[in-house]
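Take a look at the structure below.
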Amino acid sequence: MTRDQVRILLDAMIPGQANRWPAAGDVLDTESLAATLGPHLARHAGSMPRTAGEASAWLARLAADDASMMRAVTEAVYSAYYTSPAVQAVIRDIAESGPRDPSPHFDEALLAQVRARSAQQRSS
């Protein structure tokens, strides 16, 4: 599995949005992911997509033929993506730009119940 093939798969899975979210291939270490995913996808190496146009269909076939492998690939890619510094910065910007006023739909009493139940479970 080459770095280019990994980038093609990453961008098919998480293409990004030009105005905010980066494409996975732009922010992830393709060499590291190739090393991580390569042994798992070795048996699929002959059918790996070589172009962006082939990637979505290949991923759909992988999901249909080997759901556990697709789950492992998805978990590795999404975990790497959402913990990358560039994506963390986007998430932080979104959180910081949110409303600062309390929501009229938020119920503090329900939150207190959850906190109390959580504290009880930890002490048990």
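Each reported figure results from applying straightforward, stated rules to the coordinates on display, with no laboratory input. Note that the structure is a prediction, hence the values are computed from the model and not measured. Glycine also receives a Cβ, built like all others from the backbone with ideal geometry; neighbour counts cover every protein chain displayed.
Ranked by the mean number of other Cβ atoms within 10 Å of their residues, highest first, the peptides 108-114, 72-78 fall in the order 72-78, 108-114. By its C-alpha gyration tensor, with a ≥ b ≥ c as the square roots of the eigenvalues, how is region 1-43 shaped: rounded for a/c under 1.5, else prolate for a/b larger than b/c, else oblate? Prolate, because a/c is 1.5 or more and a/b exceeds b/c.
For the chain, the calculated P(r) over all alpha carbon pairs, in 10 Å bins from 0 to the bin holding the longest distance, is 11, 33, 21, 18, 15, 2 percent.
What the phi angles of region 13-25 give under the Karplus curve with 6.51, -1.76 and 1.60, with θ = phi - 60°, is a coupling list of 6, 9, x, x, 10, 4, 7, 8, 7, x, 5, 4, x Hz, glycine and proline written as x.
Dipole orientation for the chain: of the candidates SER97, ALA23, TYR81, TYR81 has the Cα lying most toward the positive pole (charges on Cβ; Lys, Arg +1; Asp, Glu -1). For the options SER56, SER97, SER84, a Gaussian network treatment of the chain with springs between C-alpha atoms closer than 10 Å singles out SER97 as fluctuating the most. Listed peptides 27-37, 58-68, 6-16 appear in the order 6-16, 27-37, 58-68 once ranked by packing, highest mean of other Cβ atoms within 10 Å at the front.
Rounded to the nearest 0.05, the FRET efficiency derived from the C-beta distance between ALA116 and ASP26 at R0 = 41 Å is 0.40. Contact order, relative form, for the chain: 25 percent (alpha carbon pairs under 8 Å, 6 or more residues apart, mean separation divided by residue count).
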